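Trainee: First the structure, which I've put down as structure tokens, then a few questions once you've had a look.
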Amino acid sequence: MTYAIQAEGLAKRFKETRALAGVDLAAPAGTVLGLLGPNGAGKTTAVRIFATLLRPDAGRALVAGHDVVREAGLVRSLIGLTGQYAAVDENLTGAENLLLIGRLLGMSRPDARARAGELLDRFRLDEAAGRAVKTYSGGMRRRLDLAASLVGGPSVLFLDEPTTGLDPRSRGELWDMLRGLVADGVTALLTTQYLNEADLLADRIVVVDKGRVIAEGTPDGLKAEVGGQVLQLRPLRPADLAVAHALVAEAAGPQARIEGGTVTAPVKDPELMPAVVRRLDREGIALGELALRRSSLDEVFLALTGHRAEPARDGGPGGRGAGPDDSESEKVVSPA
């Protein structure tokens with residue numbers, strides 16, 4: 001099998017912090033690989049190594065079969081990188097941003113202008129092409145940022161939490177655009193804290209924690225292997241929620257949780273549902289909803305890491321915090 005993205009024993013340390021401790025991963029060409037993990041797990045460090053922005057301490061990383069250390073210049077000509085925050089110049093227009101990147105990549109002015117027009121049209125920014133980026137909405141800036149990473153026609157994209165801070169509609173628009181790029185043969189490595197995003201987009205998922213791979217597989221495979229089934233119920237009377245939770249916890253254990261007006265609990269015993277129904281009936285608690293469902297990817301993440309995924313926190317120019325893996329990924333602009 002041909003891998004567009006591959007890591008073998010990838011390791012990186014920042015003083016006393018071990019960001020990566022022997023990571024192996026691979027993404028076949030024309031697929032999306034979701035890289036998930038808690039804040040500080042090593043995701044951004046891995047992306048920056050693949051993008052030639054950091055050198056690994058051990059192991060190797062390959063992009064389209066090329067070593068990111070020994071063939072860094074060639075790798076840069078093959079990739080696009082979009083980080084958590086738009087890296088375009090807000091004082092320039094959308095068209096000027098893309099034209100500038102095209103010229104930096106060595107394109108002639110006519111070719112750069114043509115490429116900018118093509119991308120502005122593809123990302124539905126043609127009507128705003130002549131406006132300064134500072135007048136764009138957050139979703140428009142992210143679309144322009146993704147367009148900027150595609151000026152050079154990369155075959156591999158690294159997307160480090162690209163939809164952080166976007167509203168649901170703008171996030172959905174970016175999802176559709178990414179699907180279109182992959183359909184055209186682009187390979188993508190996606191890091192995200194929105195687990196439904198990984199569930200919908202990723203062909204395979206790698207979960208890292210404390211610099212190590214702790215699980216990998218397809219989204220459905222991970223749900224079946226790690227999550228199993230979940231009991232979900234909602235009392236007809238909201239006032240009964242706390243009592244219902246206590247009764248479910250007696251039968252299912254401390255993993256029973258209250259989530260938005262419902263009680264959920266992992267099902268390890270097929271007798272759990274009838275036992276819970278009997279207890280609720282004895283207490284006179286009527287149910288408005290009762291279901292057995294497959295675990296969500298968020299519940300798989302909780303089972304693997306011990307806590308739920310955390311939305312990225314806004315910070316200064318360095319990103320979410322002071323840790324070595326919390327810095328914002330930079331956009332790579334390299335000679336053609």
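The values are calculated or read from the model by the stated rules, or taken from the named source; none is laboratory data. Everything numeric in this text was worked out from a predicted model, so none of it was measured. Note: areas computed on protein heavy atoms with side chains; ligands, DNA, RNA excluded. Shrake-Rupley method; radii C 1.70, N 1.55, O 1.52, S 1.80 Å.
Trainee: Calculate for the chain the 222 nm mean residue ellipticity that helices alone would give, adding -39,500 (n - 2.57) per DSSP H run of length 4 or more and normalising by residue count, nearest 500 deg cm²/dmol.
Mentor: -9500 deg cm²/dmol
Trainee: Tell me which residues come under 5 Å, amide H to amide H, from GLY288 once H is placed; ignore anything under 5 positions away on its chain.
Mentor: Residues meeting the amide H criterion: ARG234, LEU236.
Trainee: Between rounded, prolate and oblate, where does region 110-195 land on the alpha carbon gyration tensor, with a ≥ b ≥ c its root eigenvalues, rounded for a/c under 1.5, else prolate if a/b exceeds b/c?
Mentor: In terms of gyration-tensor shape, oblate.
Trainee: Keeping all protein chains in the complex and leaving out DNA, RNA and ligands, what accessible area do you get for THR164 with a 1.4 Å probe, in Å² to the nearest 10?
Mentor: Rounded to the nearest 10, that gives 20 Å².
Trainee: Moving to a separate point now. Rolling a 1.4 Å sphere over the protein heavy atoms, what is the accessible area per residue of region 139-250, to the nearest Å²?
Mentor: 38
Trainee: Sticking with this structure for a sec: Work the Kirkwood hydrodynamic radius out for region 31-171: mean of 1/r over every pair of different alpha-carbon atoms, inverted, in Å.
Mentor: When all Cα pairs of region 31-171 are included, the Kirkwood radius is 16.1 Å.
Trainee: Which far-off residues, 5 or more places away or on another chain, put their amide H under 5 Å from the one on GLY80, with H placed in the peptide plane?
Mentor: So GLY80 has HN proximity to VAL156, LEU157, PHE158.
Trainee: Pairs to check: LYS43/LYS134; LYS43/LYS268; LYS223/LYS268. Give those whose C-alpha atoms are more than 24 Å from each other in this structure.
Mentor: LYS43/LYS134; LYS43/LYS268
Trainee: Evaluated at 20 °C with a viscosity of 1.002 mPa s, what Stokes-Einstein diffusion coefficient in µm²/s does region 55-110 have when Rh comes from the Kirkwood expression over alpha-carbon pairs?
Mentor: 156
Trainee: Leaving ligands and nucleic acids out of the surface, order LYS210, LYS223 by accessible area at 1.4 Å, largest first.
Mentor: LYS210, LYS223
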